[in-house]
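J.: Got a structure for you, questions after.
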Amino acid sequence: MTSTEALGPALALPRKRIRPGELVVRAILFLAAAISVLTTLGIVVSLLLPAVEFFREVSPWEFLTGTTWAPLFEPAHFGVVPLVVGTLMISFWSALVAFPLGVGVAIYLSEYARPRVTAALKPILEILAAIPTVVLGYFALTFVTPLLRDVGLQVEIFNALAASLVLGVMLIPTVASLSEDAMAAVPRDLRDGGYALGADKLQVSTRIVVPAAVSGIIAAFVLAFSRAVGETMIVLIAAGQLPQITFDPRETIETMTAFIGATGNGDVPTGSIEYKTIFAVGLTLFVITLVMNLVSIRLVRRFREVYE
């Protein structure tokens, strides 16, 4: 006999009735989740079918290992390595700008700024993320590149450095906002414990708060890096359209997104092998971002801190 039966039917817990409003909310939430999943599947299918047709004519090995990208020339070459190298180089240099500055801004907003200052600065900071990327692209081309030449750097008119600097500045709000939210979730008791042991504010911020919020900071880094990989207009305008394998940011390069944007607006006949390269490159970009997100999920779970 269970404890509930021993106490009698009067103390038995009544079965909870599901209200009609809850069913409506459940249906809406399920529909929202289903739309996101179906949208992702639709994107995959729209990329996969033309890409499969492309790989029937071009060897996947040639595509993934070739070092020459010239699909619109005769003879055509379909080695995607220069585009991948250009994309990763832009993302790397922009990350060097966004990650330290974004974390620094997050530490200031979370640990040093007064609540009124934080409430005023965060909306101003997030306005930077709302600036159209085409405007930032022309800013990189017409202002940053001449500025780099004025300080003595011999950069090309279209170069990866100017695009990376502006892209990194654009990513600062993403890193700062998400990192600040992660730091704000760290319990106050950890900070008080550090102060009780004689640590100053800088030590508490860098040795207690940041390590405790590292999972959220990693998630912010991966999200910002993924956005850098997928950025189009800044690199299309400022970095150029010369696919080459180089690690010198002063040179002209071409990224995967820049090729897609430029070729999609060109005069390439629909259904041709040149047209299908758009989907092959897009599928490659999709796989790269998918792998990055899977790695980020593992990292976040590995370093996640759980507080009671």
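The values are calculated or read from the model by the stated rules, or taken from the named source; none is laboratory data. Every value quoted in this text rests on a predicted model; they were computed, and no experiment measured them. Positions of Cβ are backbone-derived with ideal geometry, glycine not excepted, and every protein chain shown enters the neighbour counts. When the accessible area is computed, the model is the full protein with side chains, heavy atoms only, and any ligands, DNA or RNA have been set aside. Shrake-Rupley method; radii C 1.70, N 1.55, O 1.52, S 1.80 Å.
J.: Can you give the calculated 222 nm mean residue ellipticity of the chain, where each DSSP H run of n ≥ 4 adds -39,500 (n - 2.57) and the sum is split over every residue, rounded to the nearest 500 deg cm²/dmol?
T.: Values: 14 runs with 206 residues, N = 308.
Only helices count here, giving -22000 deg cm²/dmol.
J.: OK, next. Please find the FRET efficiency linking Phe73 to Phe143, where r is the Cβ-Cβ separation and R0 is fixed at 35 Å, and quote it to the nearest 0.05.
T.: 0.60
J.: Sticking with this structure for a sec: Determine, for each peptide in 204-214, 127-137, 278-288, the mean count of other beta carbons within 10 angstrom over its residues, then list the peptides with the highest first.
T.: So the order, starting with the most tightly packed, is 278-288, 204-214, 127-137.
J.: Follow-up. Grab the other residues whose beta carbon is less than 14 angstrom from that of Thr246, score K and R as +1, D and E as -1, and report the net.
T.: So the environment of Thr246 carries a net charge of -3.
J.: Another question about this same structure. Please compute the modelled spin-label separation between Leu38 and Glu57, points set 7 Å along Cα→Cβ, answer in nm with one decimal.
T.: 3.3 nm
J.: Can you work out D for the range 156-205 in µm² s⁻¹ from Stokes-Einstein, where Rh is the Kirkwood radius over C-alpha pairs, the temperature is 10 °C and the viscosity is 1.306 mPa s? Don't jump to the answer; show the numbers that get you there.
T.: Values: Rh = 13.7 Å.
The estimated diffusion coefficient comes to 116 µm²/s.
J.: How many angstrom separate the Cα center of the range 72-102 from the Cα center of the range 188-250?
T.: 19 Å
J.: Accessible area per residue, 1.4 Å probe, Å², for the chain: what's the number?
T.: Accessible surface, normalised per residue, equals 58 Å².
J.: Still on this structure: Going from most exposed to least, what order do Arg116, Arg26, Arg191, Arg227 have by accessible area with a 1.4 Å probe?
T.: Arg116, Arg26, Arg227, Arg191
J.: Using R₀ = 25 Å, calculate the FRET efficiency as 1/(1 + (r/R₀)^6) where r is the Cβ-Cβ separation of Arg298 and Leu49; round to 0.05.
T.: 0.25
J.: Could you pull the accessible area for Arg250 with a 1.4 Å probe, rounded to 10 Å²?
T.: Surface open to solvent at Arg250 totals about 100 Å².
J.: Kirkwood hydrodynamic radius, computed over distinct alpha-carbon pairs, for the range 192-308: how many Å, to one decimal?
T.: With all distinct Cα pairs of the range 192-308 included, I get 17.7 Å.
J.: Here's a follow-up. Quick one: how many Å² of Tyr195 are accessible to a 1.4 Å probe, rounded to 10?
T.: Counting only protein heavy atoms, Tyr195 exposes about 70 Å² to solvent.
J.: How large is Rg over Rh for the chain, taking Rg from the Cα atoms and Rh as the Kirkwood inverse mean of 1/r across Cα pairs?
T.: Ratio value, two decimals: 1.11.
J.: Only helices at least 27 Å long along their axis, Cα-based, and averaging -0.5 or more on Kyte-Doolittle count here, so list those DSSP H runs from the chain.
T.: 20-57, 81-107, 160-184, 273-303
J.: Which semi-axes, in whole Å and largest first, does the equivalent ellipsoid of the range 16-57 have when worked out from the alpha carbon gyration tensor as the square roots of 5 times its eigenvalues?
T.: Numbers: eigenvalues 321, 8, 3 Å².
Equivalent ellipsoid of the range 16-57: 40, 6, 4 Å, largest first.
J.: Of Glu274, Glu62, Glu254, which has the most accessible area with a 1.4 Å probe, and how do the rest follow in descending order?
T.: Glu62, Glu274, Glu254
J.: Suppose every K and R has +1 on its Cβ and every D and E has -1 on its Cβ; what is the size of the dipole of the chain about the Cα centre, in Debye to the nearest 20?
T.: 1340 debye
J.: Now a separate question. Net charge around Ala70, counting only other residues with Cβ within less than 14 Å of its Cβ (Lys, Arg = +1; Asp, Glu = -1)?
T.: -4
J.: Express in Å², to the nearest 10, the accessible area of Trp69 obtained by rolling a 1.4 Å probe over the protein heavy atoms while all chains stay in place.
T.: The accessible area comes out at roughly 20 Å².
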